[in-house]
1. Can you give the charge dipole size of the range 89-168 about its Cα centre, rounded to the nearest 20 debye, using +1 on the beta carbon of Lys and Arg and -1 on the beta carbon of Asp and Glu?
2. Convert each backbone phi in the range 138-152 into a coupling constant with the Karplus relation 6.51 cos²θ - 1.76 cosθ + 1.60 (shift: θ = phi - 60°), then list the ³J(HN,Hα) values in order as whole Hz, x for Gly and Pro.
3. Excluding residues on the same chain fewer than 8 positions from K214, give the lysines whose Cα lies under 23 Å from its Cα.
4. Between I35 and R155, what is the spin-label point distance in nm, taking each point 7 Å from the Cα along the Cα→C-beta axis?
5. Quick one: what Rg and Dmax do you get for the chain from the alpha carbons, in Å?
6. Each residue of the range 66-80 in turn: what ³J(HN,Hα) in whole Hz from Karplus with 6.51, -1.76, 1.60 and θ = phi - 60°, glycine and Pro shown as x?
7. With a cap of 12 neighbouring Cβ atoms within 10 Å, and only residues DSSP puts in a loop, list the trypsin sites (Lys or Arg not before Pro) found in the range 29-130.
8. Work out how much length N193 to K17 would gain on full extension: take 0.36 nm times their residue separation and subtract the Cα-Cα distance, in nm to one decimal.
Amino acid sequence: MSNNARGQTRSTSKKAKAMQNTLTILLATARRVYIENGFRGLSVESVGMRAGVPLNEALALTPSPLALFRRSVSVKLERFLDAAAIAVGGRDIQATLEIMLFECGRLAYDSDLRNIGARAVAEQEQYPEVASGFYEESIDRLPIALDLWLSHLRRSDLIALEDPKSAAWMLVGMMTAELRLVAAGGLQAEIANDDSMLRARQCASLFLRGCLKK
């Protein structure tokens, strides 16, 4: 590779990294603005101004308030989806399921997602597209990813399972139901990683005990 080509590659890489950093700041600001002011107070211009991002850059990254909202929610699921993507190639089914359920629990206890969800439900009649966007970009994606993984295991004849989709929803419920009740009651600001991992391990063991082929 020529020096000129290497220089262009480095320049492109720096621009991409700078754009990603800008997007991260923009989305974090959008979550704060939405929690504070609701969808009526969420505009690309106001969020960009508060985040210190020029309007043209903000619009290039998120062209509308709804797109900005949806992306600010979906980015919170990246760690879970990364774990789900890796899971398909994992050989240790128990350990893989534990990791995926741990990430489910982390998301269920995420303060931003809880507050955004509460606001979206409160404004559902006025902004139904925002409420549906919240569920599509967050809660609904958890069982979809688990369903894909469980279906892969069934096709590989590693588990005996009639309905992976229903099982995926059940697993998410097993992992998150109690955490959501605690969070909704304001009884605990956060849950320790050790406690969440213990719950993930217990849920995974109970589930696999009934369907894992010997």
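Laboratory data are not the source of any read-out in this text; all were calculated from the coordinates shown. Only a predicted model underlies this, so the values are computations on that prediction, with no experimental measurement involved. Counting neighbours? That spans all protein chains shown, and the Cβs are built from the backbone with ideal geometry, glycine included.
1. Value, rounded to 20: 240 debye.
2. Going residue by residue, I get 10, 4, 5, 7, 5, x, 4, 5, 5, 4, 4, 5, 5, 5, 4 Hz, with x marking Gly and Pro.
3. Result set, ordered by chain and number: K165.
4. 3.9 nm
5. 20.1, 61
6. Going residue by residue, I get 5, 4, 4, 4, 4, 6, 5, 7, 4, 5, 5, 9, 4, 4, 5 Hz, with x marking Gly and Pro.
7. Values: sites: R31, R32, R40, R50, R70, R71, K76, R79, R91, R106, R114, R119; in loops: R91.
Within the range 29-130, the qualifying trypsin sites (Lys or Arg not before Pro) (loop, at most 12 other Cβ atoms within 10 Å) are R91.
8. Length difference between fully extended and current span is 60.4 nm.
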